[in-house]
């Protein structure tokens, strides 16, 4: 009975971790959408302001000197954070795939619900410079005895 209680506790922990990872992925996607929207709004607003000022003022040096560096810095910060969000999202996805691998090995019927993900060599090559380990580094597809 002790072993069954331990297995049940482990499955409960896996389900909780799966939920937490999916929530983290949702949060990173929401943050990325928000940051991109803020940056695009800033660029759009600057272009509209530039258009209005170009009709009235002959010299736009002060406007350009103030707005373009701010847009550039905001763009750099946005880009860096979007890359970090993408890496966090990939790491959470890898962890979810490991949990799915464990679920897939619980019973023979589970394979129809938890398919093994296809190996995408292009994705692995694109992610390699970020320092994210490959998917084959650890295996959870077998149930411990």
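The values are calculated or read from the model by the stated rules, or taken from the named source; none is laboratory data. Keep in mind it's a predicted model, so treat the numbers as computed, not measured. No Cβ is skipped: glycine too gets one built from the backbone with ideal geometry, and neighbour counts run over all protein chains shown.
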> Does residue 44 count as within 30 Å of residue 103 (Cα to Cα) and in a helix (DSSP H, G or I)?
Replying inline: no
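Residue-by-condition table, conditions (1) surrounded by 13 or more Cβ atoms within 10 Å (Cβ to Cβ); (2) modelled with pLDDT of 95 or more:
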{"position": "41", "(1), (2)": "no, yes"}
{"position": "72", "(1), (2)": "no, yes"}
{"position": "75", "(1), (2)": "yes, yes"}
{"position": "96", "(1), (2)": "yes, no"}
{"position": "104", "(1), (2)": "yes, no"}
{"position": "115", "(1), (2)": "no, no"}
{"position": "132", "(1), (2)": "yes, no"}
{"position": "137", "(1), (2)": "no, no"}
>> Being closer than 30 Å to residue 14 by Cβ and either in contact (Cβ under 8 Å) with a residue 24 or more places away in the chain or in contact with a helix residue (DSSP H, G or I) (Cβ under 8 Å, 6 or more places away or on another chain) (or both) is true for just one of 87, 38. Which residue is that?
In response: 87
>> Being touching a residue at least 12 places away in the same chain (Cβ under 8 Å), in a helix (DSSP H, G or I) and in contact with a helix residue (DSSP H, G or I) (Cβ under 7 Å, 6 or more places away or on another chain): is that true of residue 53 here?
In response: no
> Which residues, taken from the stretch 51-63, are surrounded by 12 or more Cβ atoms within 10 Å (Cβ to Cβ) and modelled with pLDDT under 90?
Replying inline: 60, 63
